[in-house]
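Readers should treat all values here as calculations from the given coordinates under stated rules, not as data from a laboratory. Here the structure is a predicted model, which means the values were calculated and not measured. As a convention, Cβ positions derive from the backbone with ideal geometry for all residues, glycine included, and neighbour counts pool all protein chains shown.
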Amino acid sequence: MNWNLIFTSIFSAIFIKETIFYVLGAQGLNIHYGYTGLMNFGQAGFMAVGAYGLAVSVETFGWSLWVGILVGIGWAILLALLLGLPALRLRGDYLAIVTIAAAEIIRLVARSESTESVAGGNSGINNFAGAFYDLNPWVNTRRYDFGPFSYSGQDLWIQAVGWGVVLLMALLTFLLMRSPWGRVLRSIRENEDAVRSLGKNVYAYKMQSLVLGGVMGALGGIVLAIGNQSVQPDTFATRTTFICYGALILGGAARVWGPVLGGIIFYVAFRGLDVIIRQMEKADIVPESIMTSTQSGVVRFVFLGGALMLLMVFRPQGILGDRKELAFDG
Amino acid sequence: MALALALCTAFVLQPGVMSSMVGAQEPTVDEPAVTTGSPTETDGPAITGVLVNRDDDDSPVGGVEIVVSDSAGEEVGTVVSDDDGAYFLELPAEGEYTAQLIVDSLPDGVTLTDEERTSLTFVVRPGQQKPLLFPFGVDTRNSTGSIDRVLPLTIDGIRLGLLLAMTAIGLSLIYGTTRITNFAHGEMVTFGALAAWYFNQIMNIPLLIAGVLAFLLSGLAGAGLEKGLWKPLRQRGSSLFGLMVVSFGLSILAQHLFLYFFGSRTRPYSDYALQPGGVQIGSATIPPKTFAVIIISLVVLGLVGLFLSRARFGKAMRAVADNGPLASASGIDTDRVVLWVWIGGSALAGFGGVLYSTTQQVSFQQGQTLLLLMFAGITLGGLGTAYGAAVGCFVLGLFIQLSTLVVPTSIKNVGAMAVLILVLMFKPEGLFGRRERVG
């Protein structure tokens, strides 16, 4: 067992772009579920349209990266409107079904042969974020070491910007949720009919919440797309949504820092587990007849499923949350 | 939990069943790109795949030479496909490459589907094993006239629709009786298919008997889930959201246990895999098994319908799904009804999975794909109803297959999404649901 490798890869994972990706997704879900009580099970779809909106604009249409980012955000708004228009008027479970289906359909379309000329099919789109790295204050190709952490100049730049976006979104959430608008959202979560009887347009508030959280998810997709210089359809499988939910529930829903804290812990644990299992398999601690190297890559998802179930059953309020506040029936 | 246990015992005797990814026929494992790589035997990037001939029942094409060069045009390697049509070539590093298929090396009578497609340019990520696609044989999917294709597509649509109906009745009734949107229902379909595969291929039991065993085992797994998981959760007063997240956790857990023990490859049953004596209808040859599947599904659905409409207990099931508290107040033992809804629904789902796999082969993720179609179907029919779910799914299956007349096959499921959104916009209670004040 290479403990050094295990520790460095776990600790470096705290700041990497994948963690930012899931934290932003979870922040969006916090607006949806934590504050408004909306059950969006298709956050992966919002993240996908953000990433693909950017990549397709730059690579296929030749627009600048910055226009591409706006296009990605624009697509997320459109998706929220398209799904919210029919589903937000109905009971909560309809939204769950529509969003989970939409996210999966987006992934299937993106990886389909018939859209290959636009979305790149199975292998996605690559190398479109050069403009972002031209602005890098660090040297793109150099490696920088900080004690146990070691990142390339490219990594440092996307991480600085990405965590900046996370902080901005946390600030936005904090300010919005102590405003009158945020109070209406939380009242909708607690008792929709009571809010309606006060003359508030519940449908419009829910729609605004869906759009806002969806845009946060899209920003997550955009950060990862720029960070990897690549978009792949299978990054946006349904389980991505549930890693975000795992992060949100672990950290604590309806708390500004819940998704940030939860995202870091959940993803680092998820990734660390994978490294440990692979190392155990390599070091032949587990016999080959029980686990081959191919199988060792699957184990973490078994744990992901189990962790989601256990977390939801035994500690639905997570680390920071308040159980009473989360007792509403979505 | 019973599900997981049953599978562990079922497949633990079968070491090393995981195989490398097969690129040519089925969508491969959807390993997310953000995490550390897909299943690999070596750590370096590579290309891999299997060459098959569509003209000849997907028989492997061996001895084909593929030359790979890097973006500078420098040749980095050559690989020749083996007798199984498989090829594997390690690449020096990640980056952009071009694969050139040497047409002269093709066996006699084998032609590329697209004569122009002899070279592919692709990008390989670090540690990625990239599947490359070189289809051979005439592409029958879009080439023939549409009139010739209507009839075979209709027959296949009827097959898909009936199977969706069979698998989705449980999903709809579970929703109706317990309000659980059970995202793990698709895994019950896979479970049935896998259980039958185990009985059939490992224990050499004929598929007809293996199918019945899978039906019973799925029912048992359903009972285990209700007794061990859902009932205690309901008694704790879990929120709707909590139940949904738990069902999704269960779905991820079960699906990856299937992947762990069964592997990512699709595998056939030993019986009826390649069936001679097909009937020529329009442009396609339909094997007898398709008709058998349609007849079996019709019989099963007919029996289920008879049970739900005539039998006392069947009526009780519909009553609980329609209005739980009222049913309970009129003396129906709702707990018992819910238990049998889980048993029956799971058994039907598992059996549907067996029938589905006779034509599509067994795959660890087939249930996941079907689940979305089931949701669209039961929403169309009316969430929570039994007959509505069946009719909605039947219509949807037919619609999806026929839609391939105009849309490419790879995105046919998008039609299901469109149906879902339109239904929610204009008739959210579905074709057979009762209108109630929502939102």
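At a glance:
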read-out: Share of alpha-carbon pairs per 20 Å distance bin for the protein assembly as shown, given as whole %; value: 16, 51, 30, 3, 0
read-out: Rg and Dmax of segment B:141-213, Cα atoms only, in Å; value: 17.1, 48
read-out: Distribution of pairwise C-alpha distances over segment B:151-426, 10 Å bins, in %; value: 7, 30, 36, 21, 5, 1
read-out: For segment A:55-118, alpha-carbon Rg over 2.2 N^0.38 Å; value: 1.34
read-out: Residue-wise HN-Hα coupling along segment B:67-77, computed from phi with Karplus coefficients 6.51, -1.76, 1.60 (Hz; x: Gly, Pro); value: 10, 10, 10, 7, 5, 7, x, 7, 6, 10, x
read-out: Reciprocal of mean inverse Cα separation for segment A:180-330 (Kirkwood radius, Å); value: 18.0 Å
read-out: Farthest positive-ward along the protein assembly as shown dipole, Cα basis, beta-carbon charges - from B:L106, A:G262, B:A196; value: A:G262
read-out: Pairwise centroid distance, computed over Cα atoms, of segment A:253-330 with segment B:160-205, Å; value: 27 Å
read-out: Low-density loop positions, trypsin sites (Lys or Arg not before Pro), segment A:149-206 - DSSP coil, at most 12 other Cβ in 10 Å; value: A:R178
read-out: Calculated [θ] (222 nm, deg cm²/dmol) that DSSP helices of n ≥ 4 give over chain A, each run adding -39,500 (n - 2.57); value: -21000 deg cm²/dmol
read-out: Beta bridges per DSSP with both ends in the protein assembly as shown, % antiparallel, nearest 5; value: 90 percent
read-out: Segments A:101-108, B:298-305, A:270-277 sorted - mean Cβ within 10 Å per residue, highest first; value: A:101-108, A:270-277, B:298-305
read-out: For A:305-315, mean number of other protein chain Cβ atoms within 10 Å; value: 6
read-out: Rh by Kirkwood over Cα pairs, then Stokes-Einstein D for segment A:18-237 at 0.890 mPa s and 25 °C, µm²/s; value: 136 µm²/s
read-out: Cα centroid separation - segment A:154-205 against segment B:392-421, whole Å; value: 37 Å
read-out: Among the listed pairs B:K231/B:K289; A:K17/A:K200; A:K282/B:K130, those beyond 31 Å (Cα-Cα); value: B:K231/B:K289; A:K17/A:K200
read-out: Segment B:44-131: Rg to Rh, with Rh as the Kirkwood radius over Cα pairs; value: 0.97
